[in-house]
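Engineer: First the structure, which I've put down as structure tokens, then a few questions once you've had a look.
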Amino acid sequence: GLFTAMMGSRFFFAFAFDMTRLGTLHIHYLSSLFSSCQRCELSTLTTLWLLFRGKKRNILRHRSDHLQYDHMQLLLGMIFFTVCLFLFTTILVYHCFFAAMDFLAEMATCTWWCLFMFVEGGMHLERILMEEKAAMDRGDGWIGRGVRLLDRVSLAGDSLGVIENAFFGDFFAD
């Protein structure tokens, strides 16, 4: 529209990228929130499962040690385990949903970024092609910045285009 006519397409794509990123920021935060809830839930279920087996996790030795629990500890563990087990499916569904939405939001912002880079790269490509044409018109093969195009013949008799870099030697290209 009006902004594109006044500012150009680079402005439009950059603005669309920024607004998409800003508009989907809440999805990213909810996805990370439910991801941490999922990790916490799995850790809690693992610990409570070890409680029922009469074990506890030894963090220093990275193993499970045997431990005797009394009846009140087992009752409290059973109540927590039941609550966590029934909440597990709810948190799993929310985690999967917001992970998928975050992925789709990232794909939308990636699309705007790719369009911006396509326009930006097209402008740079046009400048590079003009420099290459000017170098070929001069006849010395230099493109600029220490790089020149040479025409070499391979052992099989095929003509190879060689890109020579003044700093790093020869790089062969088709």
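Engineer: Just to be sure before I move on: is Phe13 in contact (Cβ under 8 Å) with a residue 60 or more places away in the chain and of a type in the set (Phe, Trp, Tyr) in the structure I sent? Step through it out loud before you land on a result.
Structural biologist: Working: in contact (Cβ under 8 Å) with a residue 60 or more places away in the chain: yes; of a type in the set (Phe, Trp, Tyr): yes.
Yes.
Engineer: Can you tell which of Leu74, Leu60, Leu48 is farther than 30 Å from Glu120 by Cβ and in contact with a Cys (Cβ under 7 Å, 6 or more places away or on another chain)? Don't jump to the end; show me each part of the working.
Structural biologist: Values: Leu74 fails: in contact with a Cys (Cβ under 7 Å, 6 or more places away or on another chain); Leu60 fails: in contact with a Cys (Cβ under 7 Å, 6 or more places away or on another chain).
Exactly one residue qualifies, and that residue is Leu48.
Engineer: Given the criterion modelled with pLDDT of 95 or more and out of contact with any His (no Cβ under 8 Å at 6 or more places or on another chain), identify the matching residue among Phe97, Phe15, Phe34.
Structural biologist: None of the other options fit; the residue is Phe97.
Engineer: Tell me which residues, restricted to the stretch 47-74, are open to solvent by less than 80 Å² (accessible area, probe 1.4 Å) and either without any contact (Cβ under 8 Å) to a residue 24 or more places away in the chain or touching a Lys or Arg at 6+ places or on another chain (Cβ under 8 Å) (or both).
Structural biologist: Leu50, Gly54, Lys55, Asn58, Ser64, Asp65, Leu67, Tyr69, Leu74
Engineer: Separate question: Please enumerate the residues belonging to the stretch 86-102 that are exposed (fewer than 14 other Cβ atoms within 10 Å of the Cβ) and either more than 22 Å from the chain's Cα centre (by Cα) or not in a helix (DSSP H, G or I) (or both).
Structural biologist: Answer for the stretch 86-102, where residues must be exposed (fewer than 14 other Cβ atoms within 10 Å of the Cβ) and either more than 22 Å from the chain's Cα centre (by Cα) or not in a helix (DSSP H, G or I) (or both): Phe86, Thr89, Thr90, Val93.
Engineer: Given the conditions (1) assigned to a helix (DSSP H, G or I); (2) open to solvent by 80 Å² or more (accessible area, probe 1.4 Å), report the number of the one that Thr109 does not fulfil.
Structural biologist: Result: Thr109 passes all but (2).
Engineer: Okay, next question. From (1) assigned to a helix (DSSP H, G or I); (2) modelled with pLDDT under 90; (3) not acidic (Asp, Glu), pick out the condition that doesn't hold for Gln68.
Structural biologist: Of (1) assigned to a helix (DSSP H, G or I); (2) modelled with pLDDT under 90; (3) not acidic (Asp, Glu), only one is false for Gln68: (1).
The values are calculated or read from the model by the stated rules, or taken from the named source; none is laboratory data. Since the structure is predicted, the reported quantities are computational estimates derived from the model, not experimental observations. Reconstructed Cβ throughout: ideal geometry from the backbone, glycine too, with neighbour counts over all protein chains shown. Side chains are part of the model used for accessible areas, which takes the heavy atoms of the whole protein and leaves out ligands, DNA and RNA. Shrake-Rupley method; radii C 1.70, N 1.55, O 1.52, S 1.80 Å.
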